[in-house]
Amino acid sequence: MTDSNITKHVEQLRLQLKEALLLDLDDYGLVEQSSGEFNSTFLGVRLNSAFQPIYDIEAGDLFGHEALLRPSLGGELSSTPEFAFTYAEQAGKLVQFDRVSRTLHVLNFRQIYAEKGLLFLNVHPKLLITVNAHGKVFERILHSNSVPTDRVVIEIQESLIDQEKQLSEAIVNYRDKGYRIAIDKFGSSQSHIDRLWKFAPDFVKLDLNLIQKAEQNERVRKILPGLIKMIKDLGAKPIVTGVETQAQLDIAIESGAGLVQGFFLAKPVTANELQPSALFKKNPANSRIRNAA
């Protein structure tokens with residue numbers, strides 16, 4: 001993209017985001033790189049997007065991407081999303097910080113967006129139940145960038161939210177606008193199993209510790225197929241996360257998982273760096289995976 005086109009594009013974004021986010025572009029330093037990707041500097045923290053693929057074992061193909069925030073201090077010292085959000089909350093800018101982060105993901109997702117493939121996005125637990133207009137504002141951001149809401153999956157870590165009534169209302173609010181819902185990190189010690197049938201999520205992402213424990217512990221390995229079957233029986237699609245070894249992938253397949261995610265398949269990288277996993281390229285070499293499923 002030429003310098004003049006970048007300038008024109010950024011000016012258009014300035015108008016769109018000022019209306020949608022109630023922030024001026026200069027307030028958070030949104031910059032479009034020559035590669036077409038965006039980064040941002042908000043409250044002195046440099047923000048970048050990374051995307052980790054989620055694969056469909058049965059189809060032997062890509063299913064979607066989870067967007068992950070990669071913050072850094074001064075553009076050099078890496079930080080964590082948890083630190084960045086806590087810092088924004090202490091500065092009284094949590095709502096704006098969350099919207100800036102998700103907008104950044106959407107702008108970068110457009111580079112890998114196609115007719116198929118979902119975008120999985122996390123929502124801060126406090127904002128999920130306290131900001132009623134959150135889904136509506138984000139809907140405007142998506143529409144202004146030609147991404148329909150039905151290609152966006154809102155990931156909810158329900159174990160961090162005690163207020164069940166507010167959580168249920170938030171899920172209904174997002175669903176009414178066309179978003180899909182995923183329960184994240186299910187199977188941790190804080191998870192509420194009854195919420196699976198109460199909230200009827202579209203996806204259930206298993207806590208990454210489950211597959212890792214299943215590789216080491218036979219009892220956990222025997223329990224995993226039943227857990228995956230229960231999720232399927234409730235009408236949701238289970239996603240096994242944290243797959244880091246061939247053995248863990250084999251266990252996920254043998255347990256009946258259809259969707260998988262983890263470092264063994266692909267690490268989170270920028271949109272420009274994404275490459276199809278050799279394990280899931282559509283060629284005879286991956287027939288072993290499909291047959292195992």
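Bear in mind that the values in this text are calculations on the coordinates, not laboratory data. Model, not experiment: these values are computed from the prediction. We place every Cβ from the backbone using ideal geometry, glycine too, and count neighbours over all the protein chains shown.
So here's what we get for this one:
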quantity: Ranked packing of 219-227, 46-54, most packed first, by mean Cβ within 10 Å; calculated: 46-54, 219-227
quantity: Cα→Cβ-extended label distance, 7 Å offset, between GLN33 and THR86, nm; calculated: 2.8 nm
quantity: Linear extension gain, LYS136 paired with VAL269, 0.36 nm per residue minus alpha-carbon span; calculated: 45.0 nm
quantity: Pair GLU164, ILE223: separation of 7 Å Cα→Cβ label points (nm); calculated: 2.2 nm
quantity: Amide N proximity, segment 66-104 versus LYS126 label position 7 Å along Cα-to-Cβ, cut-off under 13 Å; calculated: 82-98
quantity: Packing rank of 234-244, 95-105, where each peptide gets the mean count of other beta carbons within 10 Å, highest leading; calculated: 95-105, 234-244
quantity: Computed E for ASP194/ASP250 - FRET, C-beta separation, R0 22 angstrom, nearest 0.05; calculated: 0.10
